[in-house]
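Coordinate-derived values only; no laboratory data. All figures in this text were calculated on a predicted structure; none of them were measured in a lab. Please note: Cβ atoms are built from the backbone with ideal geometry, for glycine as well, and neighbour counts cover all protein chains shown.
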Amino acid sequence: MKAVEIKKDIYWVGAIDHDVRNFHGYLTQRGTTYNAYLIIDEKITLVDTVKDTHTDEMISRISHIIDPSKIDYIVCNHVEPDHSGSLSAILKYCPNATIITCANGEKGLEQYYHGNWNYHIVKSGDAVSIGKRTFNFVLTPMVHWPDNMISFMPEENILFSNDSFGQHYATSGRFDDEVSKDEALFEAKKYFANIVLPYSNQVKKELEAAQNFDIKLICTSHGIIWRSYVADIIQLYHNWAHNVTQKKAVIAYDTMWKSTEKMALTLYEAFVKKGYEVALRNLQVNHESDVMTDVIDSEYICVGSPTLNSEIMANVAGFLTYMRGLAPREGRKAIAFGSYGWNAKSVAHIEQYLQGCNYDIVASFNQQYRPTQDDLQQITEKTIQLIS
Ligand code: FEO
């Protein structure tokens, strides 16, 4: 397999995973890539590796450029195995290579692989020259593991950003302008919502550090490389990390005999009437990771379930658990709703989850059996009143 030269003597040597659809619970409907980069300089340097399932693909691409035994340095920006999974294999070719990583990186790699490898430990502000080029390192712990770091190469204006700015997006194009811009930005948004969102405060620090760099290329570890839309993706990261919402509501629900669905549709009509963009998401047919992509910029989060055996529907509970782990922590308003037969429990359960997200619950609607037109009218009136 051929490498792709992205700048003179700098090659993409990663792997494309067209088939993956589940990334620990995240629906990767467009597959993904594991990006690694090879730099031919006085010290031949590999930036990150790929998931172990795709080791041969990466080594084939490297071998297209050089004998892998000639690698001097391997920069490990992140320990998670989708980027470190091929380290053991590549180090069989170049056992004397030095791994450049941070202290948490060394600790994590040794806990995973017990390799007792050669390490050069860096901290924020450290620079490592590889000849004509230099890596400037910034540690970005908890975006989204303790070991994360990014590195900027000023001679080439490249930011090696690892997971940040990435997308689970398998395409034949390697650059943002070789694919649909809308698809790339959507997948970046989905990635932020499902991976990065809980670490928004750390992302703010990362963006502050990035302001000091004149970035022309963002070489991510997943998906396309940003070169034409660098300013767009940085601005979007700024918005997402700063919890910027749109005039938008997401309504996520499940239903048994359509009573809760009638309530969901009534909320939908009320928000539409007030000029809101509304994402109506029946959890029977929408994946929770897609709903999170709607949550990220929604002012209102509405969740509904009928009572089922004193509980809520299992897929609503699954979604709420997932959202509670990822939830943006400030300034979101929530509505709980649901129907019941003889034991009104679901709305209280949903409220508990929403409180766990630190959302401000502005209304709750509980309905026995099937709502009448009058019942639905009351939901409409109250909703319109609270969003006026
Ligand atoms: Fe793509 Fe956190 O690994």
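Some values worked out for this structure:
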quantity: Angle in degrees between helix 346-356 and the longest Cα principal axis of the chain, rounded to the nearest 10; calculated: 40 degrees
quantity: Qualifying aspartates and glutamates (Cα of each under 17 Å from Cα of residue 92; at least 8 residues distant if same chain); calculated: 48, 52, 56, 57, 67, 72, 110
quantity: Cα centroid of the range 323-388 to Cα centroid of the range 198-231, whole Å; calculated: 37 Å
quantity: Ranked list, fewest to most other Cβ atoms within 10 Å of each Cβ, for 357, 102, 302; calculated: 357, 102, 302
quantity: Helical contribution to [θ] at 222 nm, DSSP H n ≥ 4, -39,500 (n - 2.57), averaged over the chain, rounded to 500; calculated: -10000 deg cm²/dmol
quantity: All lysines inside 19 Å of residue 273 as judged from Cα atoms, apart from same-chain residues fewer than 8 positions distant; calculated: 247, 248, 262, 333, 382
quantity: Charge context of residue 384, other residues only, Cβ under 13 angstrom, K/R +1, D/E -1; calculated: +1
quantity: Relative contact order, percent, the chain [alpha-carbon distance under 8 Å, six or more residues apart]; calculated: 11 percent
quantity: Rounded to 5, the percent of DSSP beta bridges in the range 246-386 classed as antiparallel; calculated: 5 percent
quantity: Per-residue Cβ neighbour rank within 10 angstrom, fewest leading, 220, 98; calculated: 98, 220
quantity: Potential lengthening between residue 274 and residue 1 on full extension [0.36 nm per residue; Cα-Cα distance subtracted]; calculated: 92.9 nm
quantity: Angle between the chain longest axis and helix 314-326 axis [Cα atoms, degrees, rounded to 10]; calculated: 50 degrees
quantity: Sites matching trypsin sites (Lys or Arg not before Pro) across the range 117-203 that sit in DSSP coil, with at most 12 neighbouring C-beta atoms within 10 Å; calculated: 123, 132
quantity: log₁₀ of I(q)/I(0) at q = 0.13 Å⁻¹ - the range 1-143, Debye sum with one point per alpha carbon; calculated: -0.55
quantity: Where N is the number of residues in the range 244-388, Cα Rg divided by 2.2 N^0.38 Å; calculated: 0.93
quantity: Neighbourhood net charge (14 Å Cβ-Cβ; Lys/Arg +1, Asp/Glu -1) for residue 67; calculated: +2
quantity: The chain, Cα convex hull volume normalised per residue, Å³; calculated: 132 Å³
quantity: Binned Cα-Cα distance frequencies in the range 222-268 - 5 Å width, integer %; calculated: 5, 16, 15, 12, 10, 11, 11, 11, 8, 2, 0
quantity: Residues 56, 254 arranged by fewest to most Cβ contacts within 10 Å; calculated: 56, 254
quantity: Residue 369-residue 314 FRET efficiency (beta carbon distance; Förster radius 22 Å; 0.05 resolution); calculated: 0.50
